Amino acid sequence: MLKEIDYQQILEGIYQDIKVYSTEGKQADYIPALARVNPEQFGMCLRLTNGREFTVEDADTRFSIQSISKVFALAMAMSLKGESIWERVGKEPSGTAFNSLVQLEFEKGFPRNPFINAGAIVIADVLMSELTDAGTTFLDFVRDISGNKTITYDREVARSEREYGFLNAAIANLLKSHGRIVNDLEEVLAFYFRMCSVTMSCRDLARAFLAFTNVEPFNYCGFPLTSSQIKRLNAVMQTCGFYDEAGEFSYLVGLPGKSGVGGGIAAVCPGRYAVAVWSPRLNPKGNSVMGMKALELLTTRTEESIF
């Protein structure tokens, strides 16, 4: 039985206490569509495994989930390919920026993990090889796992990313030169940018990530994962989910999770709850300033983490 914690009071208290950080950081201005987002927004939603939900502020405002989408893509790829997926991408923390070309070149085009850009582009290539229409099927999966059939891609964000995605194009070309991508380069990049452009709210993300609390195996949209696979996906989130700030997040928060440069963070307390938080201003590592602080206070005040 879940112990009694007044999550609503805790979330409201957290919001009041982190307002002092509301002007720190800045939006991801290297993607023009994200730079135009109003930074004076904050949302948070926590959903327990028993279905109860708690929210504060802009929990129903949709935003570009960006790299959080990589968790959904990895779940699909693990379902399709099983352990053989790790022949295409590693599962070690990168220790460098999420868009590093230097590390990728040094390691002969083999991405460290599926959550850095190089690894996610390879996962996109895997899905394109396995699925007739990867773009439609990916969106169907996200809609099914979140329980919201209205979730969609943001065409303006996807177009903005492609127009200014020079570094990602360089990463994709380096991958292609090492034989890590088998499909058409432009089509793989287009699919990758579409995945990142999915818009969801904190409520949507909390409901979606509840599937990763490992209460039981799942099968969404025909993509089953066993409890063992969910455990391993959580392990990759724990060690690799926050770029080269994964250690700091583990130290401060102590939950498996994934961030995105749209300002969102989604995390799970296995067997207990899923939580999502959003605030557009980012720290130099690409993670939401207020989001990181909110989750640190959450696990401190509830005394709930994996440690």
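The values are calculated or read from the model by the stated rules, or taken from the named source; none is laboratory data. Treat the numbers as computed from the prediction; the structure is a model and nothing was measured. Cβ coordinates were reconstructed from backbone atoms using ideal geometry, including for glycine residues, and neighbour counts include every protein chain displayed.
Going residue by residue through the stretch 127-138, is there one that turns out to be modelled with pLDDT under 95, within 17 Å of the chain's Cα centre (by Cα) and part of a helix (DSSP H, G or I)? No, every residue in the stretch 127-138 fails to be modelled with pLDDT under 95, within 17 Å of the chain's Cα centre (by Cα) and part of a helix (DSSP H, G or I). Any idea which residue in the stretch 266-280 is farthest from Lys19 (Cα to Cα), counting only those that are part of a strand (DSSP E or B) and touching a residue at least 60 places away in the same chain (Cβ under 8 Å)? My answer is Tyr273. Every condition in (1) assigned to a loop (DSSP other than H, G, I, E, B); (2) in contact (Cβ under 8 Å) with a residue 24 or more places away in the chain is met by Thr150 except one, and the failing one is (2). Looking across the stretch 98-114, the residues that are in contact (Cβ under 8 Å) with a residue 12 or more places away in the chain and farther than 12 Å from Phe72 by Cβ come down to Phe98, Asn99, Ser100, Leu101, Leu104, Glu105, Lys108, Gly109, Phe110, Pro111, Arg112, Asn113. Evaluated against (1) of a type in the set (A, V, I, L, M, F, W, C); (2) farther than 14 Å from Pro114 by Cβ; (3) under 18 Å from the mean Cα position of the chain (by Cα), Cys221 falls short on exactly one condition, (3). The set of residues in the stretch 209-239 being in contact with a helix residue (DSSP H, G or I) (Cβ under 8 Å, 6 or more places away or on another chain), over 19 Å from Asn148 (Cα atoms) and in a helix (DSSP H, G or I) consists of Gln229, Ile230, Arg232, Leu233, Asn234, Val236, Met237, Gln238, Thr239.
The residues on offer are Asn283, Asn287, Asn234, and the sole one that is under 26 Å from Asn38 (Cβ atoms), under 13 Å from the mean Cα position of the chain (by Cα) and of a type in the set (S, T, N, Q) is Asn287. Checked against (1) assigned to a loop (DSSP other than H, G, I, E, B); (2) modelled with pLDDT of 90 or more, Gly95 meets all criteria but (2).
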